[in-house]
Amino acid sequence: MQKILTIDFDETLATAAQDAVLGEYALFPIKRVIDFVKEKHKEGWELHIVTFRHTQYKQEVIDFCEDYDIPISSVVCTCSNEKTPTLLELKSDLHIDDHVETLVLAKQAGINTLMVDWNQEKYNSTAKFFDKI
């Protein structure tokens, strides 16, 4: 049976920052996560992005994944709603996210998790309980 990997988008696969040349905000890849996700895909995992974004920004996520050759099967926009119902519907075996509350809820639902480490422990002690990438 194929394993399912669900991945957050913002601050997990991509980060927004001001482009030094253009002066506009642009999306930049988070290499350590993208490399991990691509490796899981090579191992046979199916990839799905589950993001708090609203559907009007879905194409930007799809375009980013195409630009960086991330072989996703779907993008689900939760429109700022909790992700756990979607993770359960997709039958996620592992969810990668930077949002501690999302990880807590996923873990409570029986989903394995991996936290994208941005030093969240400085402001949320619960972050210390998660494996990190």
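The values are calculated or read from the model by the stated rules, or taken from the named source; none is laboratory data. Owing to the predicted nature of the structure, the values given are computational and were not obtained by experimental measurement. Please note: Cβ atoms are built from the backbone with ideal geometry, for glycine as well, and neighbour counts cover all protein chains shown. Ligands, DNA and RNA are stripped out before the accessible areas are found, and what is left, the full protein with its side chains, is counted by its heavy atoms. Shrake-Rupley method; radii C 1.70, N 1.55, O 1.52, S 1.80 Å.
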Fill in the blank from the handout: Ignoring ligands and nucleic acids, Tyr57 exposes an accessible area, probe 1.4 Å, in Å² to the nearest 10, of 110
Problem - Total charge dipole magnitude, the chain, about the Cα centre, Cβ charges on Lys, Arg, Asp, Glu only, Debye to nearest 20 - result: 440
Handout entry: Residue order for His48, His54 - accessible surface, 1.4 angstrom probe, largest first
Key = His54, His48
Fill in the blank from the handout: Of all GluC sites (Glu not before Pro) in the stretch 57-108, the ones in DSSP coil with at most 15 other Cβ atoms within 10 Å are Glu82
Exercise for the section: For Gln56 and Tyr68, calculate 0.36 nm times their separation in residues minus their Cα-Cα distance, and state this gained length in nm to one decimal. Expected result: 2.2 nm
Exercise for the section: Among the trypsin sites (Lys or Arg not before Pro) in the stretch 77-129, which ones are in a DSSP loop with at most 16 other Cβ atoms within 10 Å of the Cβ? Mind listing them? Expected result: Lys91
Problem - Antiparallel %, DSSP beta bridges [both residues in the stretch 14-97], to 5 - result: 50
